[in-house]
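Student: This is the structure, below, for whatever I ask next.
Laboratory data are not the source of any read-out in this text; all were calculated from the coordinates shown. Note that the structure is predicted; figures quoted are calculated from it, not measured. Here the Cβ positions follow ideal geometry from the backbone for every residue, glycine too, while neighbour counts run over all protein chains shown.
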Amino acid sequence: MVDMLRREPPAAIAERERRKGRLSSVLIHLELLVVAVIVIFPLMWVVGASFGPGGGLANTSPIPEDASLDNYVHLFTQTGYGRWYLNSLYVATLNMVGSVVLSALCGYVFARIRFRGRKFGMLAILVLQMFPSFLTAIAVYMLFLNFGLLDSLTGLALVSIAAALPYNTWLMKGYADNLPASLDEAAALDGAGRITIFRKIILPLMRPMLAFVAITQFTIPWMDFILPRLLLQSPSKQTVALGLFEMITDQYANDFTTFAAGAVFLAVPITVLFVVMQRYLVAGAMAGAEKG
Amino acid sequence: MTTTKTPSPRVPTPARAPRDTGSSGIPAPVPGIASALVWGSGQLINRQPGKAAFFFAFYAAAVTWEMTTGNYYAGMDFSPRANGGFFVKGLWGLVTLGDTPREMTLAGLVDGDNSIVLLANGIIALLTLCLLAVVAIWSVRDATRYRIRLGAGEAAERSADYFRKTWEGAFAYIALSPALVLVVFMSVLPITFGVMVAFTDYNRDNLPPMNLVDWVGFENFAQIFSVPSWAGTFLGVLAWTFAWAILATATTYAAGFLQAVLLANKRVRFPRVWRTIFLLPWAVPGIVSALVFRAMFNGQFGPISQFLIDIGLTDERVYWFTDPSNPNLARAVALLVNLWLGFPFFMALIGGVLTNIPDSYYEAARIDGAGPLQQLRYVTIPIVQRTCTPLLVLAFVTNFNNFGLVYFLTEGGPDNVDYRFAGSTDLLVTWLFKLTLDNRLYNIGAVMSIIVFFIVGTISVWNLKRSKAIREL
């Protein structure tokens, strides 16, 4: 092989290399293109359906001929979508604020303070986070059912916060562990109390992890199905996910274009948020996995 | 501080009294025992009224609560059911689950005990008692230790100073307490309740307040493993759940790896544009994409069936998710949809890892005569593998419990006549959901929850043991 290369003039080698490069470049781009089409087609299709003529599934296309906003108008005037959207927004906001505040505080305590019961507490967190949240959900449903507590959006948010708290605390603790302890010590020497250290020093440094928890906890209630399905009952208390699911499970798929409009209206803000914040989100997921 | 004489001619203040009188005369256990009987009384013996009031407040609150919620009066004929308050009746209910069924009498319908409410109240009482026990132990310990220190000749301490000191030391507990209360009542309580239901006969044939629920021991577990139709469904669903979790994780990982490696190639034009496009399935909410695919694969009206007919591949519509004679078709499509949804995450992740591999590694490999494939095999794959293993385990667990995809896409279908309340694509979690919500077999559902927890727990513990997290505890 080496001998053969040596006998060829350099120009020929370069030429062959270039041709090989061009071929593989074409192949790579071809593959990327095929995958891109597969990725985009379903999304295009649902966006097209949302702007297309109203009605069933059968006559939808990615690029509708006479595009209109009819489905969106229908969505907001004929269905409870606006109400569901506000409900979801309420639960999402509460879930985000509660999760961030509680998990940041707990994470700081577990990372920085040595107290009796700390080890037990962290073990309990590890065990609790292994319980998939829907297992709690079903028990919560049975409890709420018997105590007449069903149908409360605030209750739903509280259950969501509690369900995600062990994992989020674990993330926050892992992040705080990596912050230099000398900062705390210096502040403590200057007479700062625990709360001051937490607020003025730790919180600002934890911003990337705070962002991660805030985004995930804000988006989860928009997509969560099991908890709201179990805990909410009356039509005025539905969330977006429940409403969309009902629209599409309609026997004759008659309402598909309205569903499409609702799906697009839900997906666009979250998609933009995810694409913009992807760096944080991937890094956060990585940190979570490394910490167990 | 101890012997300063005040010029005031008044009698000594109470704070100084214990030192003057025989404070060392009381043996250490006495205040402790006193505190064990009535919280705070030991502190009173130790002449620390502030502390005494603090502990006594908890005691008084607990006793008052029991008294006011119960039915206590002088010379009564006591039974926990009729007279017990929050704690006594709660614990009684937890043990017996009620003993008086609803009855039809001449006066009309007389309500009996509601076993599930009793069970839940019992757990709440038990958890509250556990939290109170912490205060009780603290009180006894404090009373004894303080007396020992006094006996050893240490100076008396004012309650206010003690609480100030405690505030500093107990910051951790105080900061954790809101989260603790939330987790105890929204997480631990339901989990305990769920576990306990697995040992009862709470199901659609036995619903309170019509009927009483009873403890049945391991009968439900025995039923799942020994009644053939249950055991068959369980094993079938379990096998598919494992197959699903393994295949779903492997395919998304492999596809993500491929895309990441291709995108990292220097010949690719506009890599960021491609990357953003490929990230879309990850960014779009999972419920939306799953429901969109459900519509696309709709047997009767869906565009994919239509397309296949148009290009002449089939003559009739394909019922992807509803054809009982073809369960593997539904399974394969579900895996493909999951691949669409799942590969971008691994792509983004592995992309990040790839940019962090120093070029010198590849140069060294090239000098050693490695071609592109060998570089991939001996440099890229091992490094990526090492970083991604914990995430693979996490992805496996997530897929194991991938309720969203299966339920939204197929609702577990197509139907399987051999299964009890389950379809061919049902995972353990979707089956569990159907058992509980649609079929109200709460006890069987609870058994399934416990089984799922053990499987997931075993995997997680195994994963944790390998990682450094557990050693850092």
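Student: GNM on chain A, C-alpha springs below 10 Å: top fluctuator among A:39, A:47, A:272?
Tutor: Residue with maximal mean-square fluctuation among A:39, A:47, A:272: A:39.
Student: What's the percent breakdown of Cα-Cα distances in segment A:80-290 across 10 Å bins, shortest bin first?
Tutor: Here the calculated profile for segment A:80-290 is 8, 29, 31, 20, 9, 3, 0, 0.
Student: Taking the beta-carbon count within 10 Å as an exposure proxy, list B:322, B:241, A:249 from fewest neighbours to most. Walk me through the numbers before you get to the answer.
Tutor: Working: B:322 17, B:241 23, A:249 13.
Neighbour counts put them in this order, fewest first: A:249, B:322, B:241.
Student: I've got another one for you. Once the convex hull of the C-alpha atoms of segment B:156-197 is built, how many Å³ does it hold per residue, rounded to a whole number?
Tutor: 89 Å³
Student: Could you list A:106, B:388 in order of exposure, starting from the residue whose Cβ has the fewest other Cβ atoms within 10 Å? If you can, show how the numbers build up before the last one.
Tutor: Working: A:106 26, B:388 21.
Lowest count first: B:388, A:106.
Student: Tell me, what is the percent relative contact order of segment B:17-197, built from C-alpha pairs under 8 Å that lie six or more residues apart?
Tutor: Working: 187 pairs, mean separation 45.7, N = 181.
With pairs under 8 Å counted, the relative contact order is 25 percent.
Student: Using the 10 angstrom Cβ neighbour count as an exposure proxy, how do A:170, B:274 rank, fewest first?
Tutor: Numbers: A:170 24, B:274 20.
Ordered from fewest to most neighbouring Cβ atoms within 10 Å, A:170, B:274 come out as B:274, A:170.
Student: Still on this structure, I have one more. So what is the relative contact order for segment B:240-344, in percent, with contacts set as C-alpha pairs under 8 Å and at least six apart?
Tutor: On the way: 76 pairs, mean separation 39.0, N = 105.
Taking the mean separation of contacting Cα pairs over the length of segment B:240-344, I get 37 percent.
Student: Average the reciprocal distances over every distinct pair of alpha-carbons in chain B, invert the result, and give the Kirkwood radius in Å.
Tutor: Details: mean 1/r = 0.0345 Å⁻¹.
One decimal place: 29.0 Å for the Kirkwood radius.
Student: With θ set to phi - 60° and the Karplus curve 6.51 cos²θ - 1.76 cosθ + 1.60, what are the ³J(HN,Hα) couplings of segment A:206-214 in order, to the nearest whole Hz, using x for Gly and Pro?
Tutor: Rounded to whole hertz, the list is 8, 3, x, 6, 4, 4, 4, 5, 4.
Student: Further question: Which whole number gives the average, over all residues in A:32-38, of C-beta atoms from other chains lying within 10 Å of the residue C-beta?
Tutor: Working: counts 13, 1, 0, 10, 5, 1, 4.
Whole-number average of other-chain Cβ neighbours for A:32-38 is 5.
Student: Same structure again: Go ahead and estimate [θ] at 222 nm for chain B from helices alone: -39,500 (n - 2.57) per DSSP H run with n ≥ 4, summed, over the residue count, rounded to 500.
Tutor: Numbers: 22 runs with 301 residues, N = 473.
Rounded to the nearest 500, it is -20500 deg cm²/dmol.
Student: What ratio of Cα Rg to 2.2 N^0.38 Å holds for the protein assembly as shown?
Tutor: Working: Rg = 32.1 Å, N = 765, 2.2 N^0.38 = 27.4 Å.
Against the empirical 2.2 N^0.38 Å value, I get 1.17 for the protein assembly as shown.
Student: Using a 10 angstrom cutoff on alpha carbons, build the Gaussian network for chain A and name the most mobile of A:245, A:256, A:147.
Tutor: A:147
Student: Could you check which residue among A:172, A:206, A:96 shows the biggest mean-square fluctuation in a GNM of chain A with a 10 Å Cα cutoff?
Tutor: With Cα springs under 10 Å in chain A, the top fluctuation among A:172, A:206, A:96 is at A:206.
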